[in-house]
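Trainee: Quick one: the structure is below, and I'll ask about it shortly.
The values are calculated or read from the model by the stated rules, or taken from the named source; none is laboratory data. Everything numeric here is computed off the predicted structure, so don't read it as measured data. Cβ placement follows ideal geometry from the backbone for every residue including glycine, while neighbour counts extend to all protein chains displayed.
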Amino acid sequence: MEFRDVLYSRHSTRSFTDRIVTKSEIHTMLDAAIHAPNACNMQSWHYYIITDPAVKEKMAENGVCAPWVTEAPVIFVICTDAEALTSRFGEKGEVFALQDTAAAAENLLLCATDMGLGGCIIGSFDADRCRNLLSVPKKLDVVMLVPVGEPDEPVTPKTRKPIEVVVTYI
């Protein structure tokens, strides 16, 4: 797809078919994610990839996230290690680390769109339960979940506020 087609075709997908997302496709999305801009090229992110149905079932049972999230063929759990950034920039480093994960997630989702897949960023989940279930080390902050799969129905594009409303030229 042309870039603008990818950009304007990406929509939050919350319902998926049973099609398996291959390891090759997962690798392609991860490669896109790690090429996102990031503070001082410190690459503060770390990814947990969940494809195991039993683990996804435990996520739903243990209240980690809404059950629909676990219906995705793959769930990317994006974490960050802000230590190097906070050592250099103080508390602002934590903001930079979150920005890094957001940029990575957008790259991942745009790549997914280009491959005919869909997904969305999930910020409403229990990070502590997720950490415990996946044995995520304390040094990593669990920032977001990104479920990805083949959309099971067309997504209706949402309207956006006009540029004139959200932009101020100075």
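Trainee: Only one of Pro151, Pro147 is modelled with pLDDT of 95 or more and either in contact with a Phe, Trp or Tyr (Cβ under 7 Å, 6 or more places away or on another chain) or farther than 20 Å from His27 by Cβ (or both). Can you tell me which?
Mentor: The match here is Pro151.
Trainee: Still on this model: When only residues in the range 95-144 that are among the charged types (D, E, K, R) and touching a residue at least 40 places away in the same chain (Cβ under 8 Å) count, which is surrounded by the most Cβ atoms within 10 Å (Cβ to Cβ)?
Mentor: Filtering first and then ranking leaves Asp100.
Trainee: Return the residue satisfying two criteria in turn: it lies in the range 36-49 and is in contact with a strand residue (DSSP E or B) (Cβ under 9 Å, 6 or more places away or on another chain) and part of a loop (DSSP other than H, G, I, E, B), and of such residues it is nearest to Met115 (Cα to Cα).
Mentor: Ala36
Trainee: Kindly indicate which of Ser44, Ser12 is of a type in the set (S, T, N, Q), within 15 Å of the chain's Cα centre (by Cα) and under 18 Å from Ala127 (Cβ atoms).
Mentor: When all the criteria are applied, what remains is Ser44.
Trainee: Among Ala54, Ala97, Ala33, which is the only one that is aliphatic (A, V, I, L, M), in a helix (DSSP H, G or I) and over 16 Å from Val143 (Cβ atoms)?
Mentor: After ruling out the rest, the residue left standing is Ala54.
Trainee: Could you check the range 37-58 and list, in sequence order, the residues that are over 23 Å from Glu150 (Cα atoms) and either among the acidic types (Asp, Glu) or touching a residue at least 40 places away in the same chain (Cβ under 8 Å) (or both)?
Mentor: Correct list: Pro37, Asn38, Ala39, Cys40, Met42, Gln43, Ser44, Trp45, His46.
Trainee: Can you tell me which residue within the range 18-33, out of those that are under 15 Å from the mean Cα position of the chain (by Cα) and loosely packed, with under 14 Cβ neighbours inside 10 Å, is farthest from Thr51 (Cα to Cα)?
Mentor: Among them, the one singled out is Asp31.
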